[in-house]
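Structure record follows, encoded as structure tokens.
Each value in this text was obtained by applying a stated rule to the coordinates, not by laboratory testing. These numbers were taken from a predicted model, which means no experiment stands behind them. Positions of Cβ are backbone-derived with ideal geometry, glycine not excepted, and every protein chain shown enters the neighbour counts.
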Amino acid sequence: MHANILVIAEHLKGRLSGIVFEMLGKAHALATETGGGVEVLLMGHGVRALAEELGLASRVLLCDHPALAAYTPQACLDVAEQVIARRAPDLVLIASSSMGLDIAAPLSVRLGVPHVSSCRDLRITAGRAIVTSQMYGGKMLVESHLDLRGAIVSVLPGAFPEDAGRIAREAVIEALPVEGLDAPHMRFTRLIEQSGTDIDITQTPVLIAVGRGIQNRENIAMVEELAAIAQGAVCASRPVVDQGWLPMTRQIGRSGMIVKPKLYMALGISGAPEHVEGMKDAELIVAVNTDAQAPIFGIAHYGVVADIADVVPALTEALRNAHAPA
Amino acid sequence: MNIVVLMKQVPDLVEELEVDAGGTLLDRAWLRFITSEYDDHALEQALLLKEQHGGTVRVLALDMGEADEMLFTALAKGADSAVKLSGDFATGIDSHSAAGIYRHALEGASFDLILTGVQAIDDLDGPAGAMLATHLGLPYIGVVSGIDVDTANGEAHVRKEYPGGLLAEFTVDLPAVIGIQAAMQPPRYVPISRIRQTMKTASIDETAAQGERIAGAISVERMYKPERAGSATMLEGSADSIAERLLDILTEHGIGR
Ligand SMILES: Cc1cc2nc3c(=O)[nH]c(=O)nc-3n(C[C@H](O)[C@H](O)[C@H](O)COP(=O)(O)OP(=O)(O)OC[C@H]3O[C@@H](n4cnc5c(N)ncnc54)[C@H](O)[C@@H]3O)c2cc1C
């Protein structure tokens, strides 16, 4: 059976997110395998230039409307529902992102189709989609099988190679009419940039990251000391920032910064998919964690099963000695 | 300002997770439960809004894990009422069905806001709050880390997190359902003694969970632990010898010079 796949695109500040190309590349491979096609739904206002980047799709469905100028969950949900109902794809791919999270599950309820979240692998076998999801903070993988009858899959950024979706080919673009966006119950007002006086951790080559394993605010001081001597900066996982121990400008991950430093040292960070999204492309990843099963060891280059309180002072000392004039 | 908070219990990831003999569920024998982190933030945000605008906070939970302890803790922190929806949740419940139960429990109720965690670690079929909003015909925004309510105009200004440290601000008509990522303050702490006291003086309303199972849930074929990709070279030994090895590795990569 051929699988026709619909990919829902997302964009921010005039750029398509990398995950769109990941999904497009994967969808194209699956569709080709089964003799089906791929359509990409692009919602926005004045975004034809973005549609041009999606040439790998059989067709880009362009929904252009002033009410779609900025992403608004309600408007995108309404439009996506109309388009899916009309095109009746066999499978729908949405990013497991801040935007995708708002609409994937509601679409599933509105359309009466299954939804699987946190997909990091996807196959089609014997007419069914086989989805592998990362659950429980990355500590378990869950395989579910879905009929190809419009099921919705939310895909984790980083699941598939982005390059596969970035093919220079002329896009086939079909503009679709957009209706029924007149009485919105929510309105986008503005984008707020976290500007400030803090350093820009996306430009810092050495990052020492602390997670919940740091246990309290006071322990951050020893990590600051290590960072200083390694000529780097301290950054953190979400819980550390939520506790107010470090500012939001230091958060790494899905709702924080995406970094590619030369060194990323993860101290007491479990390696949940939302965190990994922000640091997986670091050149060198060293993880220190008391739990030998922590998912972070799955992506680290070097791992140490130990307490931060033992390793950090020892490493600081070793670096200090190495710097000391002979 | 009347606020409903949906809270749930999830397996504590600090404990080792095991798969049961059937191969599709967690082995319940070894599970310890805690309150889903973002539901705790949702409760905190509700309490902050109540402090600012008055009104009530009502907490709803399905009878899973340590639901009583979670609900009494919420009461001790300042929630006005707590409802436990009882039923057979021995093997957990999917979010589609949970949303159906909440819908049943809330139909006809009056409230201005429903707050719940943006996502839980076991939401395989997505967050229940987003689905509940669809059932109730209410607007939904998730990944929110700031809310200001304008009671005069019956609307809320919410800030939603995007990657790269960006926030998007929306104005939402009330009533609405909001998926909370973080409260505007870390969740408050309440001493055990106060929770014990609350157990003596307050009570939890218990009603049977109702609501049909909803299409859209999925069945799990297999659950398994990821293999450690094997990429990491593990360093062993004393802290000092590990530090020396790390120093060599950093030096090889031209770091820290
Ligand atoms: C929509 C959404 C967006 C999110 N965005 C982000 C994001 O941008 N960034 C982010 O980080 N998270 C994000 N999260 C949260 C994410 O899912 C995880 O909850 C979070 O990353 C966990 O942080 P952690 O690893 O520090 O804590 P935990 O998962 O609690 O891990 C702590 C680790 O420390 C170890 N440890 C404990 N004590 C010690 C010790 N003394 N020495 C060494 N190790 C020790 C433990 O073994 C454990 O592995 C998001 C979640 C959602 C739902």
Quotient of C-alpha Rg and 2.2 N^0.38 Å, computed over region B:2-208: 1.00
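Given the C-alpha atoms of the protein assembly as shown, compute the convex hull and give its volume per residue in Å³.
159
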Theoretical FRET efficiency, 1/(1+(r/R0)^6), r = Cβ-Cβ of B:Glu107 and A:Glu170, R0 45 Å, to 0.05: 0.30
Estimated inter-spin distance, B:Thr233 and B:Ala29, nm [label 7 Å along Cα→Cβ]: 4.0
All-pairs alpha carbon distance profile, chain A, 20 Å steps from 0, percent: 30, 51, 19, 1
For region A:227-265 versus region A:76-112, the gap between their alpha-carbon centres in whole angstrom: 33
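With +1 on the Cβ of every Lys and Arg and -1 on the Cβ of every Asp and Glu, and nothing else charged, how large is the dipole of chain B about its Cα centre, in debye rounded to the nearest 20?
I would put it at about 480 debye.
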Neighbouring partner chain Cβ atoms per residue of B:117-124, average, 10 Å criterion: 5
Ranking of B:Ser36, A:Ser237 by count of other Cβ atoms within 10 Å, fewest first: B:Ser36, A:Ser237
Chain A: relative contact order in percent, alpha carbon pairs under 8 Å with at least 6 residues between: 15
Proxy reagent accessibility, fewest Cβ within 10 Å first, across A:Thr197, B:Thr207, B:Thr35, A:Thr249: A:Thr197, B:Thr207, A:Thr249, B:Thr35
Residue order, fewest to most beta carbons within 10 Å, for B:Trp30, A:Trp245: B:Trp30, A:Trp245
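Could you pull out every whole DSSP H run in chain A that spans at least 20 Å of Cα extent along its own axis and averages -0.5 or higher on the Kyte-Doolittle scale?
A:18-34, A:73-87, A:98-111, A:308-323
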Distance (nanometres) between label positions extended 7 Å along Cα→Cβ at A:Ala324 and B:Val14: 3.9
Extension gain (nm, one decimal) between A:Glu283 and A:Ala309, 0.36 nm per residue minus Cα-Cα: 6.9 nm
Averaged over A:300-311, number of beta-carbon atoms from partner chains that fall within 10 Å: 5
Rg/Rh (Cα only; Kirkwood hydrodynamic radius) as it applies to region A:98-232: 1.08
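Please tell me which of these pairs span more than 24 angstrom C-alpha to C-alpha: A:Lys280/B:Lys225; B:Lys77/B:Lys160; A:Lys260/B:Lys8; A:Lys139/B:Lys77?
Table pairs above 24 Å Cα-Cα are B:Lys77/B:Lys160; A:Lys260/B:Lys8; A:Lys139/B:Lys77.
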Evaluated at q = 0.19 Å⁻¹: base-10 log I(q)/I(0), Debye formula over Cα of region B:1-88: -0.83
Gain upon complete extension [A:Arg217, A:Gln231; 0.36 nm per residue less C-alpha separation]: 2.9 nm
Electrostatic dipole magnitude of the protein assembly as shown [Cβ: Lys, Arg +1; Asp, Glu -1; Cα centre; debye, to 20]: 440
With eigenvalues of the C-alpha gyration tensor scaled by 5 and rooted, region A:262-326, Å: 24, 14, 8
Euclidean distance between Cα centres, region B:16-33 to region B:153-217, Å: 28
